[in-house]
Amino acid sequence: MKILVIGSGAREHALLRALHRDPAVTALHVAPGNAGTAALATTHPVAVADPAAVTALARGIGVDLVVIGPEVPLVAGVADAVRAAGIAAFGPSAAAARIEGSKAFAKDVMAQAGVPTAAAFPVTAAAEVDAALAATGAPYVVKDDGLAAGKGVVVTEDLTTARDHALDVLAGGHPVLIESFLSGPEVSLFAICDGTRAVPLLPAQDFKRVGDGDTGPNTGGMGAYAPLPWAPADLVATVRATVLDPVIAEMARRGSPFSGLLYAGLVLTPTGPQVIEFNCRFGDPETQVVLELLETPLAGLLAASAAGDLSDHTDLVWRDGSAVTVVVAAENYPGAPVTGDVITGADADGVLHAGTATDDTGAVVSAGGRVLSVLGLGGDLDEARTQAYERVSGIGLRGSHHRTDIALAAAQGRVTVPAP
Ligand code: AMP
Ligand code: GLY
């Protein structure tokens, strides 16, 4: 199988690593890739949100499967265009990708499907903001209803901060969603889907805030771990029955069946799992840990999803132990990141690249906000953390920062699901 992976983050580096392990894979290509993916795949500098450009590339190199990593090309219809050219694509149609592209659409699907989620008030005019904030009360949850790379959400006790964010988003021309606050630990559960069926992967946890102790602004994700030693034994079965299966059925009923990766962002509340968001693609950085633990060959799984039949792929095999990833971010991230600094140690084992590039002299330099995603594996979370942080200490990048508490509370047995 010849495969083209679309995207340039550590998620795509992880996808390439896992595809590389699959003996069915004969050649790997990536567009646009980064300095790290170049070691595994042939790099093509193509504008990935341009359906015609991606299709031309896939046809030109004669690939059997295109795996689309990020949401922007999916929402732009890249999977539709590739399929229309007769090439298999892993990823939803633009119509199905709306489950991520529009939070209001996702809420509507959930309402129809009876999926538990936070009450939400869509707001399109400044005059409606105060009433919606009064309706939910504090803590306030104010979301940009457009693609915002995980950075469009403000959760705050402060009414003025909440109001200002809502007004800023409206001023930028996006609708706003104001939601009731859900309390409990967060879980990311991914499922590979084929339009009628969802095959769940291992639940993982992401760390969205930039600072230790969940402080500071939201980011795309600063680290992750899997599996979740504290999760209820029936978590996956419950989410499948209450979230995944009903959503897959509702999307099919609407004539926009979901194939590709459905990412359920959940809060385990005292009354059970509730959805905070859906994404239409693998999560970053959770993918880095989930795929590190997957033993089932990935290419066959993604190809079966693309072909619309996962019936032979419902029993996935996972390796024992735990995986942790720690994101090394550029100075000033999640604000405008400082880029162009030389990175040392980035070719070490377990170091996945995100915002990296190779400069004229051949040096690896920072080229984005999240620069590296450093993996650790071990018999338990403690061992996996130790390895990940040892590897982080071998990285040199002026001004960089990372969280020091990824998976710490879980390793210490301090994560609990609130009792009803
Ligand atoms: P989202 O982009 O919708 O995933 O939101 C980003 C982050 O904001 C989530 O990972 C949560 O930490 C937080 N968040 C979003 N919605 C809620 C909610 N209704 N209640 C509590 N926290 C939320
Ligand atoms: N880790 C959050 C996301 O991929 O959206």
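The values are calculated or read from the model by the stated rules, or taken from the named source; none is laboratory data. Quick caveat: nothing in here was measured; it's all calculated off a predicted structure. Note that we place each Cβ from the backbone using ideal geometry, even for glycine, and neighbour counts take in every protein chain shown. For accessibility, only protein heavy atoms count, side chains too; no ligands or nucleic acids. Shrake-Rupley method; radii C 1.70, N 1.55, O 1.52, S 1.80 Å.
In table form, for the structure just shown:
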| quantity | calculated |
| --- | --- |
| Share of pairwise Cα separations in region 277-394, more than 18 Å, in percent | 61 |
| Vicinal HN-Hα couplings computed from phi for region 397-402 (Karplus, 6.51 cos²θ - 1.76 cosθ + 1.60; Hz; Gly/Pro x) | 8, 3, x, 6, 9, 8 |
| Calculated diffusion of region 21-68, Stokes-Einstein form, Kirkwood radius summed over Cα pairs, 20 °C and 1.002 mPa s, µm²/s | 188 |
| Charge dipole magnitude, Cβ of K and R +1, D and E -1 - the chain, Cα centre, debye nearest 20 | 540 |
| Theoretical FRET efficiency, 1/(1+(r/R0)^6), r = Cβ-Cβ of Leu167 and Trp318, R0 56 Å, to 0.05 | 0.75 |
| Distance cut-off 18 Å, percentage of C-alpha pairs in region 195-259 lying past it | 56 |
| Unit charges at the beta carbon, dipole of region 129-225: most positive-side option, Pro203, Val129, Cys193 | Cys193 |
| Å³ per residue enclosed by the Cα convex hull of region 129-278 | 133 |
| Average accessible area per residue (Å²) across the chain - probe 1.4 Å, nucleic acids and ligands excluded | 37 |
| Sequence-distant residues sharing a close amide H with Val328 (under 5 Å, placed H) | Val371, Leu372, Ser373, Val374 |
| Solvent-accessible surface ranking, highest first, for Lys103, Lys143 at 1.4 angstrom | Lys103, Lys143 |
| Summed residue charge, Cβ within 13 Å of Asp108's Cβ, Lys/Arg positive, Asp/Glu negative | +3 |
| Cα coordinate range in region 318-369, projected on the principal axes (Å, largest first) | 41, 27, 14 |
| Residues whose placed amide H lies under 5 Å from that of Val67, excluding near-sequence neighbours | Leu4, Val5, Ile6, Phe90 |
| Per residue, the convex hull volume that the Cα atoms of region 1-157 enclose (Å³) | 153 |
| Listed residues Met110, Leu266, Thr287: farthest to the positive end of the dipole of the chain (Cβ charges) | Met110 |
| Amide N proximity, region 1-16 versus Ala85 label position 7 Å along Cα-to-Cβ, cut-off under 20 Å | 1-8 |
| Calculated on alpha-carbon atoms, Rg and Dmax of the chain in Å | 20.4, 59 |
| Region 332-372, accessible surface, carbon-and-sulfur percent (1.4 angstrom probe) | 48 |
| Exposure rank, largest accessible area first [Ser183, Ser322; 1.4 Å] | Ser183, Ser322 |
| Equivalent-ellipsoid semi-axes of region 1-89, from the Cα gyration tensor, Å, largest first | 19, 14, 11 |
| Normalised convex hull volume, region 244-338, alpha-carbon set, Å³ per residue | 182 |
| Per-selection Kirkwood Rh - region 120-178 (Cα, Å, 1 d.p.) | 10.9 |
